[in-house]
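Have a look at the structure below before the remarks.
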Amino acid sequence: MNIMLVSVTERTREIGLRMAVGARGRDILRQFLVEAVVLCLVGGGLGIALGRGGSYLVQLILKWPIENSPGAIAAAVVVSATVGMIFGYYPAWRASRLDPIEALRYE
């Protein structure tokens with residue numbers, strides 16, 4: 001959530017410009033929600049890749065058997081997307097409520 005709040009703060013002028021040329025609040029809300037979900041999915045994908053790589057290293061080095069769990073991977077993707085939606089909603093809502101004139105004046 002903090003990353004998205006910083007993103008909204010840093011991009012206040014961009015948001016104001018988009019609203020000044022006709023973007024509605026729901027367009028801005030959708031933009032930031034999609035950004036938050038994609039950010040979380042990329043992080044989740046990296047976590048899955050690192051976990052799978054680590055399990056293969058354990059198999060190669062320690063000769064322990066490993067078993068891939070498609071259900072756990074699917075759950076990780078769902079949790080990651082849900083976290084993005086939940087914690088991305090407030091910053092997206094805040095961005096969608098900015099006054100375009102005030103946002104354009106923001107330094």
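What follows draws every value from the coordinates through simple rules; no lab data is involved. No experiment lies behind these values; they were computed from the predicted model shown. Note that each Cβ is placed from the backbone with ideal geometry, even for glycine, and that neighbours are counted across all protein chains shown.
If a residue must be within 29 Å of Glu35 (Cβ to Cβ), surrounded by fewer than 12 Cβ atoms within 10 Å (Cβ to Cβ) and either of a type in the set (A, V, I, L, M, F, W, C) or touching a residue at least 40 places away in the same chain (Cβ under 8 Å) (or both), how many such residues does the range 48-71 contain? Counting residues in the range 48-71 that are within 29 Å of Glu35 (Cβ to Cβ), surrounded by fewer than 12 Cβ atoms within 10 Å (Cβ to Cβ) and either of a type in the set (A, V, I, L, M, F, W, C) or touching a residue at least 40 places away in the same chain (Cβ under 8 Å) (or both) gives 2.
Could you please find all residues in the range 16-56 being of a type in the set (Val, Ile, Thr) and either assigned to a helix (DSSP H, G or I) or touching a Phe, Trp or Tyr at 6+ places or on another chain (Cβ under 7 Å) (or both)? Before you say what the answer is, go through the steps one by one.
Initial filter on the range 16-56 (of a type in the set (Val, Ile, Thr)): 21, 28, 34, 37-38, 42, 48.
Across the range 16-56, the qualifying residues are Ile28, Val34, Val37, Val38, Val42, Ile48.
All of Ala103, Ala36 fail the test of being under 20 Å from Thr12 (Cα atoms), more than 21 Å from the chain's Cα centre (by Cα) and among the small types (Gly, Ala, Ser), apart from Ala103. Residues in the range 1-34 that are closer than 12 Å to Leu104 by Cβ and small (Gly, Ala, Ser): Gly16, Ala20.
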